[in-house]
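Input: a single structure, listed below in structure tokens.
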Amino acid sequence: MFNSCTCNPSPSVPLCVVIEEKGVRMKLTVIDTPGFGDQINNENCWEPIVKHVNEQYEKYLREELHINRKRRIPDSRVHCCIYFLPPTGHRLRQIDVEFMKRLGKIVSIVPVIAKADTLTIEERQEFKERIRQDLAANGIRVYPQKEYDEDPEDSILNDRIRESIPFAVVGTDKEHQVNGHKVLGRKTKWGIIE
């Protein structure tokens with residue numbers, strides 16, 4: 001996963017956690033790219049990231065091709081890029097377009113509007129529509145791609161997901177009391193944002 005909003009354009013040290021949901025345990029590795037696009041000259045700034053993703057695929061393939069391969073091959077491949085977009089309310093920046101065009105060929109991209117609470121509901125909807133237009137106009141493939149629609153049921157579910165792209169998030173780690181219930185959210189002078 002890569003973050004486009006935050007000072008070194010190469011991938012940081014991976015953070016590994018194990019998450020569990022409904023009895024299913026999964027190891028999740030998060031790689032941040034703080035500072036991506038923050039340089040004065042951003043020409044080809046995506047190259048270290050694309051190189052890293054390709055190296056992880058090659059590393060896994062080399063292990064898989066050994067005659068006496070390990071019973072469990074460590075999987076360091078990048079399976080998904082959560083691409084955080086700054087909440088400008090305008091259109092995709094050229095650096096976002098260029099990066100997603102290149103990375104979308106090798107990994108699934110999920111575009112997400114960061115700090116979405118800085119936009120009104122109307123601004124957020126208009127921004128999402130402009131982003132969808134920019135993605136289509138530039139041929140940028142985002143998850144879920146049409147080829148994942150194996151049957152009509154999958155197609156219906158994936159179409160609902162596609163209608164929500166880009167996703168919009170508000171992040172926090174603070175709990176607040178709302179109507180007698182604890183909720184995760186951010187407190188502003190206008191109220192609580194869940």
Requested in this report: Taking the Cα atoms of region 27-117, report the difference between the largest and smallest coordinate on each principal axis, in whole Å and largest first.
Outcome: 53, 30, 20
Report summary line: Dividing the helical contributions, -39500 (n - 2.57) per DSSP H run of n ≥ 4, by the residues of the chain yields a 222 nm value, nearest 500 deg cm²/dmol, of -10000 deg cm²/dmol
Query raised in the report: Can you count the Lys pairs in region 1-143 whose Cα atoms are under 19 Å apart, with each pair 8 or more apart or on different chains?
Result: 9
Query - In region 77-172, GluC sites (Glu not before Pro) in a DSSP loop with at most 11 other beta-carbon atoms within 10 Å - result: 150
Query raised in the report: In whole Å, what is the distance between the alpha-carbon centres of region 80-122 and region 156-188?
Result: 18 Å
**Report entry** Debye-sum result for region 103-178 in log10 I(q)/I(0), which assumes one identical scatterer on each alpha carbon, at q = 0.15, 0.17, 0.21, 0.26 Å⁻¹
**Finding:** -0.63, -0.77, -1.01, -1.24
Report summary line: region 18-34 scanned against label point 7 Å out from residue 106 along Cα→C-beta; backbone N under 19 Å for 29-34
Report summary line: For residue 13 and residue 79, extending 7 Å from Cα along the Cα-Cβ vector and measuring point to point gives, in nm, a value of 2.4 nm
Query raised in the report: Could the peptides 16-29, 178-191 be put in order, highest first, of the mean number of other beta-carbon atoms found within 10 Å of their residues?
Result: 178-191, 16-29
Requested in this report: Pull out a ≥ b ≥ c, the square roots of the eigenvalues of the alpha-carbon gyration tensor of region 99-139, then state rounded if a/c is under 1.5, prolate if not and a/b is larger than b/c, and oblate in the remaining case.
Outcome: oblate
Query raised in the report: Per the Cauchy relation, a quarter of the hull surface: what is the mean projected area of the convex hull of the alpha carbons in region 140-194, in nm²?
Result: 6.2 nm²
Query - Percentage, to the nearest whole number, of Cα pairs in the chain over 25 Å apart - result: 48 percent
Query - Estimated inter-spin distance, residue 93 and residue 59, nm [label 7 Å along Cα→Cβ] - result: 2.8 nm
**Report entry** Simple spin-label estimate for residue 155 and residue 141 in nanometres, 7 Å along Cα-Cβ
**Finding:** 1.9 nm
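Readers should treat all values here as calculations from the given coordinates under stated rules, not as data from a laboratory. Because the structure is a prediction, the values reported are computed rather than measured. Here the Cβ is made from the backbone with ideal geometry for all residues, glycine too, and neighbour counts use every protein chain on show.
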